1. Send over the Kirkwood Rh of segment 48-119, from the inverse of the averaged 1/r over different Cα pairs, rounded to one decimal Å.
2. Taking all protein chains in place and a 1.4 Å probe, what share, in percent, of the accessible surface of the chain do carbon and sulfur account for?
3. For Arg101, what charge total do you get from the other residues with a beta carbon under 14 Å from its beta carbon, if Lys and Arg give +1 and Asp and Glu give -1?
4. Name the residue, out of Arg97, Arg176, Arg188, whose mean-square fluctuation peaks in a Gaussian network model built on the chain with Cα pairs under 10 Å.
5. Only Cα pairs under 8 Å and at least 6 apart count here; give the relative contact order of the chain as a rounded whole percent.
6. How many times 2.2 N^0.38 Å is the alpha carbon radius of gyration of segment 96-187?
7. Most mobile of Val156, Val21, Val119 per a Gaussian network model of the chain (Cα springs, under 10 Å)?
8. What size of dipole, in debye to the nearest 20, comes out for segment 60-205 about its Cα centre when the only charges are +1 on Lys and Arg C-beta atoms and -1 on Asp and Glu C-beta atoms?
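The values are calculated or read from the model by the stated rules, or taken from the named source; none is laboratory data. Note that the coordinates shown come from a computational prediction; the quantities given were computed from them, not determined experimentally. Quick reminder, even Gly has a Cβ in these numbers, built from the backbone with ideal geometry, and neighbours come from all protein chains shown. SASA here: full protein model, heavy atoms, side chains in, ligands and nucleic acids out. Shrake-Rupley method; radii C 1.70, N 1.55, O 1.52, S 1.80 Å.
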Amino acid sequence: MTESGKPILYSYFRSSCSWRVRIALALKSIDYETVPINLVKDGGQQFSKEFQALNPMKQVPALKIDGITISQSLAILEYLEETRPTPRLLPQDPKKRCLVRMISDLIASGIQPLQNLSVLQQMGQENQLTWAQKVISSGFNALEQVLQNTAGKYCVGDEVSMADLCLVPQVANAERYKVDLTPYPTIRHINKSLLALEAFQVSHPCRQPDTPPELRA
């Protein structure tokens, strides 16, 4: 934490994992400072010795808070939920809570890592778009079916949950890679509802300290 006592988020504006955490911080009204880690510039600032000392996995986000440094976005969300439970991101009902975690893991483990920057860089420039579209579409085929059974206004019922924090950044990735979202009406409806909320707007990649001028909105 800084001398002012604020948590420090090591983030990249376009990182969907970082966006999840920024949404949670906004929802829970946690004031924090951002240290941008550019995943592309200088060969990737995440590979610097200074950042590797914070997170040996060389990934964002990392959050310094309460005297500890946490990496992995879902672990960060769980910690924030346990230490700052209002508003809650996990339902009180055990079955709904399990569904939220299931959907979060489906996205965070089953879709996003397969189209992450580090994977795409191994694919060759000519194959990156096709690969990203394939793995996101495959994941969304499953996610759409799941959400048809769990959704209300949001992913699980009518309360914003951890699952929603994972959904919106993944839809943004899909749009970035020009995935046809027509077959996924439930995903599109939930995403539209969530993007109307202030916490999802202020945390958006187009409004971050490290957002390039041409991508600001």
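1. Value: 13.9 Å, from the Cα pair sum.
2. Answer for the chain: carbon and sulfur cover 52 percent of the accessible area.
3. Once positives and negatives cancel, what remains is -1.
4. Arg176
5. 24 percent
6. Working it through for segment 96-187, the quotient is 1.08.
7. Checking each option, the largest mean-square fluctuation is seen for Val119.
8. For this selection, approximately 120 debye.
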